[in-house]
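Right, one structure below, let's go through it.
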Amino acid sequence: MSTCGRCRKRLESHDTITVADTGDRCYACFNKEMADRLGIDFDDTTLQSIVVADADGVPHSFQIRSMLVPTGHEMEAVEIPQPSRGGYRFAVLGDLEADSWDLFLRLYETMRQKMAIRHVERTAHGWHLGPEQRLVGRIEWDPDTDGRVPLLVVDGRPFTWEEVGRMLMTFEGFTIDARIEDTIELVGDRKWNEAAPDQQREG
């Protein structure tokens, strides 16, 4: 556990931003320093944690946090408590001075849409692709292989490269059409007014 070099708040590893030649910062202090440096009015409104159900109706809790980056306002939803491997994670990137509530509405809609889809199913013979025969997941580091092969997080669950291979071998002789996309969804000036869960702005 580290300490924010500005406000002295004690930080967990997943709440820490390490800045080169500066030290550790909490998200709020990092955003304040970045906004001052860039000379912008950054909306760092604190949003409460939310709960979203997956395709099986299982509820998942998420921490919502913002980070000011040179390319804009990134808002991220991270599953809590954060598992050592896997877990759902979503992010959107808006303009530097984007409204936090607008970004949250888009982020929430993305979470609902993506978590409503089940890509893999567990059967008596192990894990298999779902009826749509489509595998979508997040590539992560696998410490057990020292990064030689990736860990793939599908439906919030971690799968080793060997487990992914077993699922694919069900389709021996078929063609696979792989595509790599950025995990962060670009929002820009789009405004979303769709329904969202009850939220209260704090601070």
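The values are calculated or read from the model by the stated rules, or taken from the named source; none is laboratory data. Not measured: the values here are computed from a predicted model. Heads up, the Cβs are rebuilt from the backbone with ideal geometry, glycines too, and the neighbour counts pull from every protein chain shown. Just so you know, the surface numbers come from the protein's heavy atoms only, side chains and all, with ligands and any DNA or RNA stripped out. Shrake-Rupley method; radii C 1.70, N 1.55, O 1.52, S 1.80 Å.
Protein heavy-atom accessible surface, 1.4 Å probe, per residue over segment 88-153: 54 Å². Of the peptides 48-61, 92-105, the order by per-residue mean of other Cβ atoms within 10 Å, starting with the highest, comes out as 92-105, 48-61. Stretched out straight at 0.36 nm per residue, the stretch from R8 to T170 would grow longer than its current Cα-Cα span by 53.0 nm. In terms of Cα atoms, the Rg and Dmax of segment 1-69 work out to 14.8, 46 Å.
Taking 0.36 nm per residue of separation and subtracting the Cα-Cα distance, full extension of the segment from D99 to W127 would add 6.0 nm.
Overall size of the chain from C-alpha positions, given as principal axis extents largest first: 57, 41, 28 Å. For segment 46-97, the extents of the C-alpha atoms along the principal axes are 36, 21, 19 Å, listed from largest to smallest. When peptides 132-142, 20-30 are ranked by their average number of other Cβ atoms within 10 Å per residue, the highest-first order is 20-30, 132-142.
Rolling a 1.4 angstrom probe over the protein heavy atoms with all chains in place gives segment 1-78 an accessible area of 52 Å² per residue.
State the percentage of accessible surface on segment 51-192 attributable to carbon and sulfur atoms; use a 1.4 Å probe and exclude ligands, DNA and RNA.
Numbers: 4350 of 8400 Å².
Solvent-exposed carbon and sulfur of segment 51-192 make up 52 percent of the total.
State the dimensionless ratio Rg/Rh of segment 71-141 (Rg: radius of gyration of Cα atoms; Rh: Kirkwood radius). Write out the running numbers ahead of the final one.
On the way: Rg = 15.4 Å, Rh = 14.4 Å.
Looking at segment 71-141, the ratio lands at 1.07.
As a calculated quantity, the FRET efficiency between T18 and E181 at R0 = 30 Å, using C-beta atoms, amounts to about 0.65.
Between D36 and D56, what is the label-point separation in nm under the 7 Å Cα-to-beta-carbon projection? Roughly 4.8 nm, to one decimal.
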